[in-house]
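Notes follow once the structure below has been shown.
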There are 2 protein chains.
Amino acid sequence: MKFEIMRHRLLDGLNDVMKAVSSKTTIPILTGIKLEVTEEGLRLTGGNSDITIQTFIRAEENGEQVIRVIEEGSIVVQARMFYEIVRKLPTSYVEIEVNAHFHTHIRSGKSEFHIIGQDSSEYPLLPEIQDNRQFAIPADLLKSLVHETVFAISTSESRPILTGVHWSLKNGELVCVATDSHRLARRKMTLEQLPIGEFSSVIPGKSLSELSKIIGDSTQSVHVIMTNQQVLFKTSNVLFYSRLLEGNYPDTSRLIPTEYKTTVTMDGKALYQAIDRASLVAREERNNIVQFTSLGDNVVEISSSSAEVGTVEEEISTTLIEGEELKISFSAKYMMDALKAVGGHDVKVQFTGVMRPFTLKSVHDDSVLQLIVPVRTY
Amino acid sequence: MKFEIMRHRLLDGLNDVMKAVSSKTTIPILTGIKLEVTEEGLRLTGGNSDITIQTFIRAEENGEQVIRVIEEGSIVVQARMFYEIVRKLPTSYVEIEVNAHFHTHIRSGKSEFHIIGQDSSEYPLLPEIQDNRQFAIPADLLKSLVHETVFAISTSESRPILTGVHWSLKNGELVCVATDSHRLARRKMTLEQLPIGEFSSVIPGKSLSELSKIIGDSTQSVHVIMTNQQVLFKTSNVLFYSRLLEGNYPDTSRLIPTEYKTTVTMDGKALYQAIDRASLVAREERNNIVQFTSLGDNVVEISSSSAEVGTVEEEISTTLIEGEELKISFSAKYMMDALKAVGGHDVKVQFTGVMRPFTLKSVHDDSVLQLIVPVRTY
């Protein structure tokens, strides 16, 4: 294998695949990056036990020669070291040559590195994925869909299935749900381009967080291909594979109340900031709990107290309070997470009693629903 | 005590003093900030066992009323909590009122915090410092003086005196020296405004690092007042006190060679980058050692090898090599630190033999001198 490549293009490609490479892995070859060069260009692959990222650099782009291929071939090189070398090389071109016994030479200007690579045939193969279950979501929408749900996954391994986000497609509607059993986040979306068949899959939360770092904020389509064990997200230059979690996701639909006793419509940003302030006191206690009390005259009070620090209280005007009077306690963190996901100024908070889960959504649409289980404090 | 203050001015002041407050301290009251309000304004004090920072916010600035003082007084409040509260308050004004038993009320808009403060008379008093040993250094020069020396202090507590930088004034010249016994950094400076008397003091390296974060890049004077146990740096709005280290600093002048066998003049940036690259391989070994070899024709080779990773070599053209041929090994990190401190393109590296300390300085002046002890590798 021997080729010469524009250094900044190689670096761009490495920046993409490096996101999947972890130095902590039980499979030693996964600390490496696979390089495969053909007449068409250079394919880079990096991965860990959950996700794999692949990117392809074309030999010619817009009439410009990016790669000069002298001999086709492939090699696995230690990822972190190779990335640092390419980052620090002195000139705009890099020559990479692999001789017998995986001896790899990296040259740029008068600088020359000799490192030992690994046999690329030992690198895990990617699953074959058929395109018939493919659908498309604009990148920015996919990103917000992830941010509106993934924070609510469980971080405990006691019920592994809850560390993922449940994606299901039924009647042309994609529903994404995450819950740690203390709160729940749900995002619904009508798909414009439908795949063949329905599905119900659980994607690891970590994979979705990594995915959202890689995809841009453009409206370009990301193609999603769901299989039984893997999901593939395809952007114009990156393939992002994640394994799916095995097991059945609990039926969460019956958790969401259908009748409400108190409905408060208010400015979500003002509520967020008041809870953020109250949390300064609340978090000094172990549980970070704040109180929400309806005071009449469309005013609510947010308050908290800590034996060590002191107390805080604040009144906020609401747009409207309908139904029964209410005094309820909940986790400041869960409420702030939920308000961030719902976003915007006009938020509807609906309660069914002090010990029953309550919901948050936007006044304008209910594509995003957040549910929080309150806490008994008195 | 009761006063109202513009929130962003209070926040600016807190930003200054917070730099000295540590949550890890053996003296509980030092987790607090002292507030003292008089008709003239608000004095804020924060500190740890090494440094104390004090700032003063005038009640009136440029004809604008910053503070409305209703009742003079003082209090100590928990620093981190108070800072976070002020940062998150909803309006541009903050009212602070202290009642009996140090009950402290913080009001802004409809938000109200009640926290318990501490008796300000329990806060340590600052040393009285007389101005007769005062001299001035422009802020940007003071900052570079710190950066050119402080990295070379010892991080080990086995010889505590070496964790400081030795500042001495003799014959109108300020000399700052730091060493960890493997390398040494020295900066000389002629003072324009001389204090009364000479001094020889050791300032903790950590204090100088903190100081350099606080002072700006302006050419405004920083006044330095040296006493037997403390040093005070005065800028227009901040007083920065540091304790001095006790004990005698070793005489380092005889370590610096006066005769040289090989002198290499070369581009400091090119040398830095080549060593940075070689260090990618070298640091995989425990000692991070690179080789420097003169090759003739005014070329030197930088190389390194690691049994695990491989090898690297690179040739660099120099301006001139005078004297004996040379092959020497040293720490890549020490060399990079030294080159950063010397700065610029024209660097003179002078050797007295493979096992003797060698020096680096700029071709243009010798105000900054760096010395490195080489390593035996063959």
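The values are calculated or read from the model by the stated rules, or taken from the named source; none is laboratory data. Treat the numbers as computed from the prediction; the structure is a model and nothing was measured. Methodologically, a virtual Cβ is constructed for each residue, glycine included, from the backbone with ideal geometry; neighbour enumeration extends over all protein chains shown.
Kindly check whether there is at least one residue in segment B:288-305 that is within 12 Å of chain A (Cβ to nearest Cβ) and not in a strand (DSSP E or B).
Keep residues of segment B:288-305 that are within 12 Å of chain A (Cβ to nearest Cβ), which gives B:295, B:299-305.
If we keep only those that are not in a strand (DSSP E or B) as well, we get none.
No.
Residues checked against (1) part of a strand (DSSP E or B); (2) of a type in the set (K, R):
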site: A:K188; (1), (2): yes, yes
site: A:I196; (1), (2): no, no
site: A:S200; (1), (2): yes, no
site: A:T219; (1), (2): no, no
site: A:V222; (1), (2): yes, no
site: A:V231; (1), (2): yes, no
Selection status of B:S144, free of Cβ contacts under 8 Å to residues at least 12 places away in the same chain, at negative phi and of a type outside the set (D, E, K, R): yes
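State whether one or more residues within segment B:195-207 are free of Cβ contacts under 8 Å to residues at least 12 places away in the same chain and buried (at least 17 other Cβ atoms within 10 Å of the Cβ). Break it down into steps so the answer makes sense when it comes.
Our first condition is that a residue be free of Cβ contacts under 8 Å to residues at least 12 places away in the same chain; within segment B:195-207, this holds for none.
Checked against the condition, which is being free of Cβ contacts under 8 Å to residues at least 12 places away in the same chain and buried (at least 17 other Cβ atoms within 10 Å of the Cβ), segment B:195-207 yields no hits at all.
To keep it simple, each residue is scored yes or no on (1) under 30 Å from B:V77 (Cβ atoms); (2) surrounded by fewer than 16 Cβ atoms within 10 Å (Cβ to Cβ).
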site: A:V231; (1), (2): no, no
site: A:N237; (1), (2): no, yes
site: A:R243; (1), (2): no, no
site: A:E259; (1), (2): no, yes
site: A:V264; (1), (2): no, no
site: A:G268; (1), (2): no, no
site: A:L271; (1), (2): yes, no
site: A:S279; (1), (2): yes, no
site: A:I289; (1), (2): yes, no
Considering every residue within segment B:249-256, establish whether at least one is at pLDDT below 95, closer than 30 Å to B:R58 by Cα and touching a strand residue (DSSP E or B) at 6+ places or on another chain (Cβ under 9 Å). no
I'm trying to understand the selection: among the residues of segment B:281-328, which are under 18 Å from A:S108 (Cα atoms), aliphatic (A, V, I, L, M) and at pLDDT 95 or above? B:V299, B:V300, B:I302, B:V312, B:I316
Is one or more of the residues making up segment A:89-103 among the aromatic types (F, W, Y) and within 14 Å of chain B (Cβ to nearest Cβ)? yes
B:E284 being in a loop (DSSP other than H, G, I, E, B) and within 13 Å of chain A (Cβ to nearest Cβ): yes
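I'd like the full set of residues that are outside any strand (DSSP E or B) and basic (K, R), limited to segment B:312-335. Spell out how you get there, then give the answer.
Going residue by residue through segment B:312-335, those that are outside any strand (DSSP E or B) are B:318-319, B:324-326, B:332-335.
Result: B:K333, single match.
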Which condition from (1) within 30 Å of B:E173 (Cα to Cα); (2) crowded, with 18+ Cβ neighbours inside 10 Å is the one that B:H345 breaks? (2)
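Considering only residues that are under 14 Å from B:E128 (Cα atoms) and either of a type in the set (A, V, I, L, M, F, W, C) or under 14 Å from the mean Cα position of the chain (by Cα) (or both), look in segment B:212-229 and name the one that is surrounded by the most Cβ atoms within 10 Å (Cβ to Cβ). Talk me through it step by step, then tell me what you get.
At the first step, the residues of segment B:212-229 found to be under 14 Å from B:E128 (Cα atoms) are B:225-229.
Cutting the leftovers down to either of a type in the set (A, V, I, L, M, F, W, C) or under 14 Å from the mean Cα position of the chain (by Cα) (or both) gives us B:225-226.
Details: B:I225: 19, B:M226: 21.
Among residues in segment B:212-229 that are under 14 Å from B:E128 (Cα atoms) and either of a type in the set (A, V, I, L, M, F, W, C) or under 14 Å from the mean Cα position of the chain (by Cα) (or both), the one surrounded by the most Cβ atoms within 10 Å (Cβ to Cβ) is B:M226.
Conditions tested, residue by residue: (1) surrounded by fewer than 20 Cβ atoms within 10 Å (Cβ to Cβ); (2) modelled with pLDDT of 95 or more.
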{"residue": "A:V98", "(1), (2)": "no, yes"}
{"residue": "A:E112", "(1), (2)": "yes, yes"}
{"residue": "A:A136", "(1), (2)": "yes, no"}
{"residue": "A:V150", "(1), (2)": "no, yes"}
{"residue": "A:S154", "(1), (2)": "yes, yes"}
{"residue": "A:H166", "(1), (2)": "no, yes"}
{"residue": "A:N171", "(1), (2)": "yes, no"}
Is there a residue in segment B:3-18 that is in contact (Cβ under 8 Å) with a residue 12 or more places away in the chain, farther than 28 Å from B:K206 by Cβ and buried (at least 21 other Cβ atoms within 10 Å of the Cβ)? yes
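Is it fair to say B:I115 is within 12 Å of another protein chain (Cβ to nearest Cβ) and of a type in the set (V, I, T)?
Working: within 12 Å of another protein chain (Cβ to nearest Cβ): yes; of a type in the set (V, I, T): yes.
So B:I115 passes the test.
Based on what the data block shows, is B:E308 closer than 14 Å to B:L280 by Cβ and either in the same structural domain as B:R277 (by TED's automatic domain parsing) or outside any strand (DSSP E or B) (or both)? Full working, then the answer.
Details: closer than 14 Å to B:L280 by Cβ: yes; either in the same structural domain as B:R277 (by TED's automatic domain parsing) or outside any strand (DSSP E or B) (or both): yes.
Yes; evaluated as a whole, the condition is true for this residue.
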Kindly check whether there is at least one residue in segment A:268-279 that is in a strand (DSSP E or B) and at pLDDT 95 or above. no
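Residues being over 23 Å from B:I153 (Cβ atoms) and either over 25 Å from the mean Cα position of the chain (by Cα) or in a strand (DSSP E or B) (or both): count how many of those fall in segment B:338-355. Write out each step before concluding.
Restricting attention to segment B:338-355, the residues satisfying the condition of being over 23 Å from B:I153 (Cβ atoms) are B:344-346, B:348, B:350-355.
Next, from what is left, pick out any that are either over 25 Å from the mean Cα position of the chain (by Cα) or in a strand (DSSP E or B) (or both): B:346, B:348, B:350-355.
Here the count works out to 8.
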With (1) touching a residue at least 40 places away in the same chain (Cβ under 8 Å); (2) within 14 Å of chain A (Cβ to nearest Cβ) as the list, and B:T263 as the residue in question, which single condition is left unmet? (2)
For B:V312: the one exception among (1) within 14 Å of chain A (Cβ to nearest Cβ); (2) surrounded by fewer than 17 Cβ atoms within 10 Å (Cβ to Cβ): (2)
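When you scan segment A:327-342, do you find a residue that is more than 30 Å from A:T190 (Cβ to Cβ), touching a Leu at 6+ places or on another chain (Cβ under 9 Å) and more than 14 Å from chain B (Cβ to nearest Cβ), even just one? Give the derivation first.
Taking segment A:327-342 and keeping what is more than 30 Å from A:T190 (Cβ to Cβ), we get A:327-333.
Narrowing the set further to residues that are touching a Leu at 6+ places or on another chain (Cβ under 9 Å) leaves none.
There is no residue in segment A:327-342 that is more than 30 Å from A:T190 (Cβ to Cβ), touching a Leu at 6+ places or on another chain (Cβ under 9 Å) and more than 14 Å from chain B (Cβ to nearest Cβ).
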